[in-house]
Each structure stands twice: as C-alpha cells, then as structure tokens.
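The values are calculated or read from the model by the stated rules, or taken from the named source; none is laboratory data. Quick caveat, the model's predicted, so the values are computed rather than measured. Here the Cβ positions follow ideal geometry from the backbone for every residue, glycine too, while neighbour counts run over all protein chains shown.
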Amino acid sequence: MSEVPAKKKRKFELDPKLAGYKGVWVFVEHEQGQVHPVSWELMGEGRKLADMLGVELAGVVLGAPGEQSRQFCNEAMFHGADLCYLMADDILKDYRNEPFTKGMTDLVNAYQPEILLLGATTQGRDLAGSVATTLQTGLTADCTALTIDPDNRSMAATRPTFGGSLLCTIVTLNYRPQMATVRSRVMAMTERDASRSGRVIEHPLGMIESSIITKVLEYIPDAMQDKPQLAFADIIVSGGRGMKKPENFQLIWDLAKVLGAEVGASRPVVQAGWVDLERQVGQSGKTVRPKLYIAAGISGAIQHRVGMDASDCIIAINNDPNAPIFDYATYGIVGNAMTILPALTEAFRQKLAAVKKAG
Amino acid sequence: MHIVVCIKQVPDSAQIRVHPVTNTIMRQGVPAIINPYDLFALEEALRLKDKYGGTVTVITMGPPQAEAALRKALSFGADDAILITDRAFAGADTLATSFALASAIRQIQKNMPVDMVFTGKQTIDGDTAQVGPGVAKRLDMQLLTYVSKIVSVKAEASEIVVERRAEGGVQLLKTSLPCLVTVLEGNNQMRFASMPNMFRAARHPLKVWDKDAAGIEDITKIGLKGSPTVVSKVFAPTPKSERAEMIEVESGDPRDVAITVLSKMFTRFPVVEKEIAKRA
C-alpha cells in the first residue's frame with residue numbers, strides 16, 4: 001500500500017480496456033480433502049459485494065479430477081456462489097505455488113473477474129502474492145471490511161495499519177482484478193443452503209508434471225489433540241498483564257475448566273511466556289468470535305480488539321476504570337480480577353448445578 | 001553458495017502511540033529496528049554459510065537512515081550490504097517494491113550468481129507477506145513460503161528440501177536452486193554480534209544504489225506510479241456506540257457482582273445461557 005494520502009474525492013474513469021472485467025470470485029482453498037472454512041466466510045462477503053455490483057459470484061476450485069472437486073463446487077453454490085470455475089488436474093492434488101499460480105492467472109485472463117478474494121492463510125497468501133505480481137495488479141492483505149464505493153464501483157478494502165493502532169482503506173483504481181485477502185474468522189460464516197445450485201465451468205491447466213520443479217515429498221499433519229482451537233471456541237476466558245504474575249493465571253484456567261472454555265491471552269502475556277503462542281488473541285494472534293468472551297486484566301488496545309470484537313457478549317474485568325476495553329465490552333467490572341474471577345467461577349458452577357438439577 | 005537476504009527497517013510498533021486527541025500517529029522518538037521476522041531469515045542464512053561456506057549479502061530498500069539496519073546485519077556476520085535508496089521509490093506498494101528489489105538482485109547476479117534469496121515471512125509495519133512472493137515471481141525463482149525448517153541443501157545438485165507450514169500440517173517440499181525462501185519465525189535465534197564483526201560492520205564500505213545502479217529503467221514501475229493500490233483514508237477505529245454496562249453492587253462483594261452480571265447476561269443473551277446449559 002502506498003503511504004501517501006490521496007485526495008478525498010477523485011475524478012475517476014476506468015480504462016475502457018478493463019471494463020470487460022465483471023464478477024466477484026472467491027478462491028476455494030482446500031488441503032487434505034478439507035475446504036478451509038475461511039473460503040465459506042469469504043463466500044458470504046463475496047455475495048454482498050456481488051449484489052452491490054449487480055454481478056455474479058463465482059467459486060474457483062483447483063484440485064484433482066474426481067468426485068471431491070465436484071463436491072467442492074457444489075458446496076460453493078450452497079454457500080452462495082452462482083457458478084464455479086473448476087480446474088481439475090492430478091498436478092493440482094496438493095497445493096504448490098507454480099501450478100496454482102498458473103491455473104489461477106489463466107482463469108483470470110480467460111474469464112476476467114473484477115474482484116478476487118482469498119483467505120489470508122499460508123496457502124492463500126502464497127498464492128495471492130504470486131498471482132497479483134504475475135497479473136501486475138493490486139492486492140490488499142488481511143482486510144477487516146470490504147465494500148463497494150458507489151461513486152466508481154471500485155472495492156474499498158479496510159485493514160489495520162501501523163501495527164494495528166489505526167485502520168486504513170485501500171482502493172485499486174485502474175487495475176483489474178482487485179485482489180484482497182481476509183483472515184480466518186474475521187467475516188461471519190453464512191448459512192449453508194443445500195437447495196442452491198449453479199453451473200460449473202471447466203478449464204484445463206495445460207501443464208505436465210515433469211515441467212514442475214517443486215515436488216511434495218510428504219504431508220505431515222499436526223498432532224491435533226493438544227492444540228488449542230481458539231478460532232472456533234464458543235466460550236473463551238482470556239487473561240492479560242493485569243493478572244500480575246504467572247501463578248495468578250491459574251484463576252483463568254479454573255474458570256475456563258468450569259465453562260468448558262478455551263483459554264486466551266493478550267500479547268504481553270504470551271511474550272512473557274506465561275501461555276503458549278497458540279493462545280494469543282489479536283491482530284498478531286488469532287481472530288475469534290465466541291458467544292462469550294471474558295477478558296480479565298486486559299486493557300484492550302486495538303491490537304487485541306480487532307481479534308475479539310465480533311464476540312456476542314464480552315465481560316471485561318479491569319482495575320482501571322479508564323481501560324479502553326470498557327469502550328466496547330458488553331459488561332464492565334472495575335475491580336481486582338484475583339477476587340472477581342473465583343466469584344465468577346463459583347457463580348457459573350452454581351448455574352451449571354441448577355441446570356443439571358432441572359434436567 | 002551465495003544467499004541474498006532482504007531486510008527492512010521498521011518502526012518498533014510496540015512503541016507506536018496514537019495521539020489521544022488528534023488520532024494521529026506519534027512517530028517522534030519511536031526507534032527504528034530491523035523487522036524482527038527478517039532476523040530469522042538472516043540467522044538461517046548465516047547458519048547455512050557456517051555449514052556450507054559461501055557469501056551472505058543483505059539488501060534493503062528504504063531511506064538513507066536504513067544504513068543502520070544494514071550495519072547491524074553486518075555485525076551479525078553478513079559479508080556485504082547494499083542500500084537501495086532513491087526518492088523515486090517513495091510511495092511504493094508491494095508490487096512496486098518487489099519490482100525494485102528484483103531489479104537490484106538481478107544486478108547482484110551479474111557479479112556473483114545468487115543461489116537463494118531469503119526474506120522474513122512478513123514485516124511488522126505492513127504485515128502483507130506479499131513482497132517475498134512478488135520478488136520470486138519476477139526473478140522466476142521457485143517460491144518456498146513459511147519455511148519452518150531447511151532440511152538439506154545440496155549446492156552441487158542445486159537441490160533443497162524444506163518443511164513448509166501449511167494449514168493443519170507441514171509440507172515436505174523438494175525444489176531446485178535458485179529459490180526464494182520466506183522464513184517462519186521462532187525456529188532459530190539471532191546470534192550475538194562478535195567483536196571483530198562489530199568493528200568490521202562499522203568500517204565496511206556500504207554500497208549505495210540509486211534506481212540507475214539498481215538497473216531500473218522503467219520508472220513507471222516504481223514508487224507511487226508503479227503502485228496499483230492507493231490509500232484512500234487512514235482513521236482511528238470508532239468507539240462502539242454504547243460503552244460497557246458497568247456492574248456495580250452496593251455491597252461491593254465480588255460474589256454479588258458475579259451473580260448480577262450472570263443474571264443480566266442470561267436475560268439479554270439467551271444464546272450464551274443455552275451454550276452454558278449444554279455443558280451441564
């Protein structure tokens with residue numbers, strides 16, 4: 001992004017050569033037979049943009065020939081797509097930069113979408129950066145909001161800047177497609193509707209395996225059992241620097257245990273080594289959207305806020321009445337987290353006992 | 001083996017503050033550091049040099065002050081350093097930046113072939129992770145992003161095997177040199193600068209390249225002109241329309257506070273009550 005402020009209202013005419021670029025595309029990312037949920041989150045967002053523009057929404061599936069890739073196309077329709085572009089080739093069985101970049105750029109050149117959205121995952125970022133450079137177009141990373149500027153039909157992409165202390169809106173005026181990546185869990189997942197359908201357009205990759213230099217020797221799945229799953233947790237109890245010392249963090253774990261919740265943390269606590277990096281919530285950590293988020297001893301700077309703002313209900317405990325977290329929490333408690341956390345644990349325990357008794 | 005490491009000088013974002021009234025960035029006094037993610041790339045390059053021999057060249061594109069970042073990199077053990085600086089680069093987005101860096105690396109290749117280019121996975125100021133892939137595409141190098149481990153390098157066979165972080169697992173990839181590697185954080189730790197290297201770094205004749213020296217002829221590809229993306233506005237996040245409802249009880253007893261907040265929450269958010277009831 002260019003760090004030069006632009007004029008507020010620009011007179012803008014799209015190059016007639018680019019006027020043929022129509023439609024919104026969402027890259028359907030998959031690995032080991034699973035579509036990454038971020039693709040369906042983006043499909044919901046893509047649907048909104050396509051409706052604002054009055055154009056079609058398409059999914060893009062690159063994968064091995066067969067039933068599975070077809071099924072991914074169907075799922076794309078269920079999540080809101082009008083049609084799906086399918087490139088099926090054995091070469092595309094596993095993600096590799098070179099064939100996926102060629103496949104995606106060929107599709108863009110052949111069918112000319114005006115907007116292309118990808119998940120900001122290791123795969124999506126690898127592909128997006130390569131495709132944007134090959135196509136010589138603009139790409140905005142890690143967007144938190146996407147909309148259409150009614151004045152010129154261009155996409156306005158908002159993202160945090162300066163280490164998450166401010167937001168900026170970025171546009172790509174005279175280049176197409178306009179590309180953006182969005183992190184997992186930033187956009188809400190839309191309802192799946194299995195009655196939807198749409199057409200599938202197949203396009204060949206046109207490469208042979210021997211021409212591709214990089215080979216996948218093996219895929220080693222992570223050991224899942226001991227990895228915290230913050231992104232999809234319904235209840236999260238988080239602690240920050242206000243917990244004072246690592247021993248006090250046990251109070252967070254105690255409450256989480258009663259609630260069957262995941263434990264989260266703010267950046268300073270992770271940097272101090274009190275909890276694992278996987279538990280960091282915020283711009284440089286995980287984005288979460290639980291039904292209940294309890295924040296104890298977290299002041300709530302933007303860096304943390306962008307990671308948990310979408311929670312349904314936020315209870316904040318802080319001894320500083322001016323802590324920024326009280327500006328956006330649902331309920332605020334000014335006080336000592338070391339006495340309030342055990343009281344909450346006990347109150348929730350009683351609630352659970354009452355529910356159990358009532359059957 | 002010749003490894004070029006691309007680094008960037010960035011403001012230490014942990015120390016950036018926003019002015020509470022004007023909502024503008026307070027840059028004064030914010031120290032400039034080497035992008036922390038780039039240090040993992042530099043250390044990995046230095047380790048390969050320790051193991052296989054060769055040369056490590058660090059480059060950066062930035063204002064003249066970025067010289068400090070290069071001298072720091074020399075003190076850690078890099079052999080040579082090039083500062084790519086020109087007013088014409090101002091306002092570059094990631095596409096224009098990758099064009100300039102790729103041109104400079106082509107110039108380096110004229111003197112000594114480059115086997116690998118290393119970068120950090122992203123910077124802490126831009127956070128885009130786009131420049132590495134961009135440089136690889138422009139140089140037609142194989143791209144290996146989010147590399148958590150370099151398993152083996154066989155220079156004579158021009159072959160490298162790495163572990164690459166994927167979603168839900170790790171890909172073991174084999175490819176040919178030359179390649180561009182973006183190094184994942186946390187798998188090594190930057191060494192301390194040795195006394196001889198610190199002296200050498202202070203005296204080292206730094207190469208300073210303007211756009212011509214970097215081999216750039218087409219100025220429509222650099223700086224603001226070469227940047228498809230434009231920032232239309234920068235703003236502070238709006239506070240939510242309603243502040244938190246503050247829970248205060250007369251007794252001041254934490255138990256009463258807890259019971260009050262739960263009953264209020266269950267009334268307003270039946271979805272939370274349902275979620276908790278599931279756990280009974």
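So, in segment A:132-158, how many residues would count as being in contact with a Ser or Thr (Cβ under 8 Å, 6 or more places away or on another chain), over 18 Å from B:PHE235 (Cβ atoms) and either touching a residue at least 60 places away in the same chain (Cβ under 8 Å) or more than 9 Å from chain B (Cβ to nearest Cβ) (or both)?
The number of residues fulfilling the criteria is 3.
Of all residues in segment A:220-256, how many are in a helix (DSSP H, G or I), within 11 Å of chain B (Cβ to nearest Cβ) and modelled with pLDDT under 95?
Residues flagged as in a helix (DSSP H, G or I), within 11 Å of chain B (Cβ to nearest Cβ) and modelled with pLDDT under 95 within segment A:220-256 amount to 0.
Which of the residues spanning segment B:150-169 are modelled with pLDDT under 95 and in contact with a strand residue (DSSP E or B) (Cβ under 9 Å, 6 or more places away or on another chain)?
Scanning segment B:150-169 gives B:LYS154, B:ALA157, B:SER158, B:ARG165, B:ALA166, B:GLU167, B:GLY168, B:GLY169.
Kindly indicate which of A:THR140, A:THR133 is hydroxyl-bearing (Ser, Thr, Tyr), buried (at least 24 other Cβ atoms within 10 Å of the Cβ), closer than 21 Å to B:VAL131 by Cβ and touching a Gly at 6+ places or on another chain (Cβ under 7 Å).
A:THR133
Failed condition for A:ALA188, given (1) in a loop (DSSP other than H, G, I, E, B); (2) over 30 Å from A:LEU344 (Cβ atoms), with all others met?
Every condition holds for A:ALA188 apart from (2).
What's the total number of residues in segment A:349-359 that are part of a helix (DSSP H, G or I) and more than 7 Å from chain B (Cβ to nearest Cβ)?
Number satisfying all stated conditions: 6.
Does any residue of segment A:20-39 turn out to be in a helix (DSSP H, G or I), under 16 Å from the mean Cα position of the chain (by Cα) and not hydrophobic (A, V, I, L, M, F, W, C)?
Yes, that holds for at least one residue.
Could you name every one of the strands (runs of 3 or more DSSP E) located completely within segment B:127-226 that has at least 2 residues being surrounded by fewer than 18 Cβ atoms within 10 Å (Cβ to Cβ)?
Hits in segment B:127-226: B:142-154, B:159-166, B:169-176, B:207-209.
Yes or no: A:LYS215 out of contact with any Leu (no Cβ under 6 Å at 6 or more places or on another chain), at the interface with chain B (Cβ under 9 Å from one of its Cβ atoms) and surrounded by fewer than 21 Cβ atoms within 10 Å (Cβ to Cβ)?
For A:LYS215, the condition - out of contact with any Leu (no Cβ under 6 Å at 6 or more places or on another chain), at the interface with chain B (Cβ under 9 Å from one of its Cβ atoms) and surrounded by fewer than 21 Cβ atoms within 10 Å (Cβ to Cβ) - is met.
Is it the case that segment A:188-204 has a residue that's closer than 19 Å to A:GLN280 by Cβ, more than 13 Å from chain B (Cβ to nearest Cβ) and either aromatic (Phe, Trp, Tyr) or loosely packed, with under 15 Cβ neighbours inside 10 Å (or both)?
No, that holds for no residue.
For the structure I just gave you, tell me whether B:ARG191 is without any contact (Cβ under 8 Å) to a residue 60 or more places away in the chain and within 19 Å of the chain's Cα centre (by Cα).
So B:ARG191 does not fit the description; no.
If A:LEU118 satisfies all but one of (1) under 22 Å from the mean Cα position of the chain (by Cα); (2) buried (at least 21 other Cβ atoms within 10 Å of the Cβ); (3) farther than 25 Å from B:ASP127 by Cβ, what's the number of the condition it fails?
Every listed condition holds for A:LEU118 apart from (3).
Of the residues that sit in segment A:317-346 and are under 30 Å from the mean Cα position of the chain (by Cα) and under 21 Å from A:GLY260 (Cβ atoms), which one is surrounded by the most Cβ atoms within 10 Å (Cβ to Cβ)?
A:ILE317
Since A:LEU217 meets every condition but one in (1) under 28 Å from A:LEU42 (Cα atoms); (2) assigned to a strand (DSSP E or B), which condition does it not meet?
(1)
In segment B:151-184, what residues are under 27 Å from B:SER75 (Cα atoms) and in contact with a Ser or Thr (Cβ under 9 Å, 6 or more places away or on another chain)?
B:PRO178, B:CYS179, B:LEU180, B:VAL181, B:THR182, B:VAL183, B:LEU184
In segment A:309-345, which residues are more than 7 Å from chain B (Cβ to nearest Cβ) and assigned to a helix (DSSP H, G or I)?
Answer for segment A:309-345, where residues must be more than 7 Å from chain B (Cβ to nearest Cβ) and assigned to a helix (DSSP H, G or I): A:PRO324, A:ILE325, A:ALA337, A:MET338, A:LEU341, A:PRO342, A:THR345.
Suppose we filter B:GLN65, B:GLN107, B:GLN122 for residues that are assigned to a loop (DSSP other than H, G, I, E, B), within 22 Å of B:GLY223 (Cα to Cα) and more than 8 Å from every other protein chain (Cβ to nearest Cβ); which single one remains?
The match here is B:GLN122.
Those residues that are assigned to a loop (DSSP other than H, G, I, E, B) and modelled with pLDDT of 90 or more, I need them from segment A:148-178; list them, please.
A:ARG153, A:ASN174, A:TYR175, A:ARG176, A:PRO177
Check B:VAL249, B:VAL271 and return the single one that is surrounded by fewer than 16 Cβ atoms within 10 Å (Cβ to Cβ), of a type outside the set (Lys, Arg), in a helix (DSSP H, G or I) and at pLDDT below 95.
When all the criteria are applied, what remains is B:VAL271.
Which of the residues that make up segment B:115-161 are among the polar types (S, T, N, Q) and under 24 Å from B:VAL10 (Cα atoms)?
B:THR119, B:GLN122, B:THR123, B:THR128, B:GLN130, B:THR145, B:SER148 - these are the residues of segment B:115-161 that are among the polar types (S, T, N, Q) and under 24 Å from B:VAL10 (Cα atoms).
Can you tell me which residues in segment A:283-308 are part of a loop (DSSP other than H, G, I, E, B), over 30 Å from B:GLY126 (Cβ atoms) and small (Gly, Ala, Ser)?
A:GLY297
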